[in-house]
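Single-structure report; data block below.
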Amino acid sequence: MAERKNVPPPAPSSPAPAASPGSGAVGEKPSATSPSGAAASASTGPLSGGPARGRILLVEDEPDIVRGLTDVLEFEGFEVVAAPDGRSGVREMSERGADLVILDLMLPDINGYQVCEQIRTSNQLVPIIILTARGQELDKIRGLEAGADDYVTKPFSIGELLARIKAILRRLQRAQPASQPDVLTIGSCQIDFKKHTLTKNRKTQTLTFYEVELLKMMYEREGQPVSRDEILDKIWGIEAYPSNRTVDNFVVKLRKKLEDNQHHPRHILTVYGFGYKLVP
């Protein structure tokens with residue numbers, strides 16, 4: 001038998017540089033844990049020792065995604081509470097509330113559409129961002145109709161999700177202009193900007209945050225066309241990576257609530273190749 005030699009242990013290797021929050025995609029198995037490395041990056045960090053930016057409820061059943069998103073969001077200064085299924089998410093929202101909800105559509109008990117609808121029955125104003133592996137427009141529209149304010153398609157970058165979260169929370173803090181009425185009448189509908197409701201034929205429906213913001217913007221420019229690019233910039237923010245289809249999907253949703261015939265609208269009119277205009 002060969003004589004064993006006393007070999008000194010190898011020197012520890014230098015740690016690999018941490019990934020930046022926007023560098024990896026989330027939602028695919030190989031990269032689901034990459035966000036956890038982002039928490040070590042000092043370049044985008046917030047708030048050392050400061051108060052939390054807000055409380056985020058994360059309703060997601062994939063442990064890797066939960067762990068990665070929690071690391072990044074906490075590093076950015078948010079308090080994060082995770083719920084592994086739909087019912088516990090609804091219960092957490094009812095008992096303790098949140099400033100924003102990130103909601104996966106594919107959950108082990110009730111689906112994300114049902115969770116969204118249940119949250120909306122008791123809280124009309126909390127922003128809800130849905131995570132979906134389904135890229136079909138109809139699936140996205142269904143999520144918006146259930147009460148979501150925005151959606152992100154898996155796999156997504158951490159940078160994109162963070163930008164959307166920050167954009168919507170920033171807009172929630174924006175004060176309503178003094179010249180803007182609390183209640184607006186469009187056709188046979190009454191829209192209450194403070195309560196986020198639309199009443200038509202004695203039936204009241206909830207409006208999401210982005211629906212209200214879109215109506216406010218078009219009201220301020222009453223009768224004048226507003227471009228899709230301007231809507232994206234002023235409501236979503238360029239940094240939130242939205243697309244023209246985002247605006248179109250919200251217009252489709254608003255027309256269903258507001259118009260007598262959504263296929264032949266009289267109030268939210270398309271200016272082809274440009275955008276939309278409001279005709280009360």
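The values are calculated or read from the model by the stated rules, or taken from the named source; none is laboratory data. Just so it is clear, the structure is predicted and the values come from calculations on it, not from any experiment. Glycine also receives a Cβ, built like all others from the backbone with ideal geometry; neighbour counts cover every protein chain displayed.
Listed here are the residues, each with its yes/no results for (1) in a helix (DSSP H, G or I); (2) assigned by TED's automatic domain parsing to the domain that holds ILE165; (3) buried (at least 18 other Cβ atoms within 10 Å of the Cβ).
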{"site": "LYS195", "(1), (2), (3)": "no, no, no"}
{"site": "THR204", "(1), (2), (3)": "no, no, no"}
{"site": "MET217", "(1), (2), (3)": "yes, no, no"}
{"site": "ASP248", "(1), (2), (3)": "yes, no, no"}
{"site": "LYS253", "(1), (2), (3)": "yes, no, yes"}
{"site": "ASN261", "(1), (2), (3)": "no, no, no"}
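Criterion applied to LYS154, LYS200 was being surrounded by 15 or more Cβ atoms within 10 Å (Cβ to Cβ) and under 24 Å from SER88 (Cα atoms), and the one residue passing it is LYS154.
Residues that are touching a residue at least 24 places away in the same chain (Cβ under 8 Å) and either more than 17 Å from PRO280 (Cβ to Cβ) or of a type in the set (Lys, Arg) (or both) within the stretch 193-225 comprise LYS195, HIS196, THR197, LYS200, GLN205, THR206, THR208, PHE209, TYR210, GLU213, LYS216, ARG221, listed in sequence order. A single member of LEU131, LEU138, LEU162 is surrounded by fewer than 17 Cβ atoms within 10 Å (Cβ to Cβ) and not assigned by TED's automatic domain parsing to the domain that holds ARG266, and it is LEU138.
Here is the figure for the stretch 84-98: residues that are assigned to a loop (DSSP other than H, G, I, E, B) and either crowded, with 18+ Cβ neighbours inside 10 Å or more than 17 Å from the chain's Cα centre (by Cα) (or both) total 4. For the stretch 113-149, the set of residues classified as closer than 23 Å to LEU215 by Cα, free of Cβ contacts under 8 Å to residues at least 12 places away in the same chain and assigned to a loop (DSSP other than H, G, I, E, B) is empty.
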